[in-house]
Amino acid sequence: MIVSREFLGELLGTFILVLFGCGSVAVSVLFGSLQGLLQVALVWGIGVSLAIYLTRHLSCAHLNPAVSLAMVLGQRMRAEKLPVYLCGQFLGAFFAGVVVYLLFSPSILAFETVHGIARGSSESVKLAMIFGEYYPNPTVTAVVSLPLAMMAEAFGTFVLVLMIFALTEGCNVGRPDNALTPVFIGLTVTSVICLIAPLTQAGLNPARDFGPRVVTWLAGWGSAAFPDHCGGFFWVYVVAPIIGGQLAALFFMYLLEPAMNQVCTTCTDRH
């Protein structure tokens, strides 16, 4: 029963955050309904917060393989639970990508027709970016190499995971009330997206990238779904976030948490 509960939590939570997140990109690209990076980033952040509120009592709402792996390293979760969490996350992201495609498929076809875009061509990345991330960001002019893209994704995930650890650490006297924690995690996602999305679209989550990207591959984008023949998408959107999350767990365990515990002990002694 515990395994089923945790699987359901990760599946449903990841589905919700990817549904709202990729949906916000879709309405921005197809209709111009959301103007500017901040609006899209806010919807992503709201989606994350809602997903956590919905599922945190089922599975603690990791909703991200990089977070789950960091929790294992940080000794906040047993390693044997990892397959259940990862399966739920990747499947939830994939199903969300399917729903977004079904909702907007007629509009995508109309967009392709009006703009003369052949699905699977290099130009079709402008639509494939609704689902998976690309570097450089197809909507802006930026010079982004593979190492820089990896650094951006690793750093963004480092900040996100570090904030998750800090916001859920009982000895952190500066953290908000537990009921508000999902809001601040969502705001962290929004802030990180605003920082690095012009470079890499800000994946920060291997499941969020890979699940919807598979949908585009199945829907006819073919090689445009995985355009980097050197495997760059794997290094940037899967490996780099995992590295960033692991570094955040180590930083918190060996530097930040001991400092917080010291402050906590000092405050207790004073009382």
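In this entry, Glu123 is excluded by the filter for residues that are modelled with pLDDT of 95 or more, in a helix (DSSP H, G or I) and not aliphatic (A, V, I, L, M). Condition check for Ile130 on (1) outside any loop (DSSP other than H, G, I, E, B); (2) of a type in the set (A, V, I, L, M, F, W, C); (3) surrounded by 19 or more Cβ atoms within 10 Å (Cβ to Cβ): one failure, at (1).
When Glu112, Glu123 are checked against the criterion of being among the acidic types (Asp, Glu) and touching a Lys or Arg at 6+ places or on another chain (Cβ under 7 Å), a single residue qualifies: Glu112. In the stretch 144-166, what residues are under 12 Å from the mean Cα position of the chain (by Cα) and either of a type in the set (Asp, Glu) or open to solvent by 60 Å² or more (accessible area, probe 1.4 Å) (or both)? Hit for the stretch 144-166 is Glu153, nothing else.
Take Ile117 and tell me if it is free of Cβ contacts under 8 Å to residues at least 24 places away in the same chain, open to solvent by less than 50 Å² (accessible area, probe 1.4 Å) and closer than 15 Å to Trp221 by Cα. Criteria met by Ile117. Restricting Phe184, Phe233 to those that are free of Cβ contacts under 8 Å to residues at least 40 places away in the same chain, aromatic (Phe, Trp, Tyr) and either open to solvent by 30 Å² or more (accessible area, probe 1.4 Å) or in a helix (DSSP H, G or I) (or both) reduces the list to Phe184. Looking across the stretch 1-39, the residues that are surrounded by fewer than 21 Cβ atoms within 10 Å (Cβ to Cβ) and either in contact with a strand residue (DSSP E or B) (Cβ under 7 Å, 6 or more places away or on another chain) or more than 25 Å from Cys87 (Cα to Cα) (or both) come down to Val27, Ser28, Leu30, Phe31, Gly32, Ser33, Leu34, Gln35, Gly36, Leu37, Leu38, Gln39.
For the stretch 73-113, the tally of residues that are under 18 Å from Asn205 (Cβ atoms), assigned to a helix (DSSP H, G or I) and open to solvent by less than 40 Å² (accessible area, probe 1.4 Å) stands at 10.
The residues on offer are Gly222, Gly211, and the sole one that is in a helix (DSSP H, G or I), surrounded by 18 or more Cβ atoms within 10 Å (Cβ to Cβ) and of a type outside the set (Asp, Glu) is Gly211.
The values are calculated or read from the model by the stated rules, or taken from the named source; none is laboratory data. A quick note: this is a predicted structure, and the numbers were derived from the prediction, not measured. As a convention, Cβ positions derive from the backbone with ideal geometry for all residues, glycine included, and neighbour counts pool all protein chains shown. The accessibility values were calculated without ligands, DNA or RNA, using every heavy atom of the protein model including side chains. Shrake-Rupley method; radii C 1.70, N 1.55, O 1.52, S 1.80 Å.
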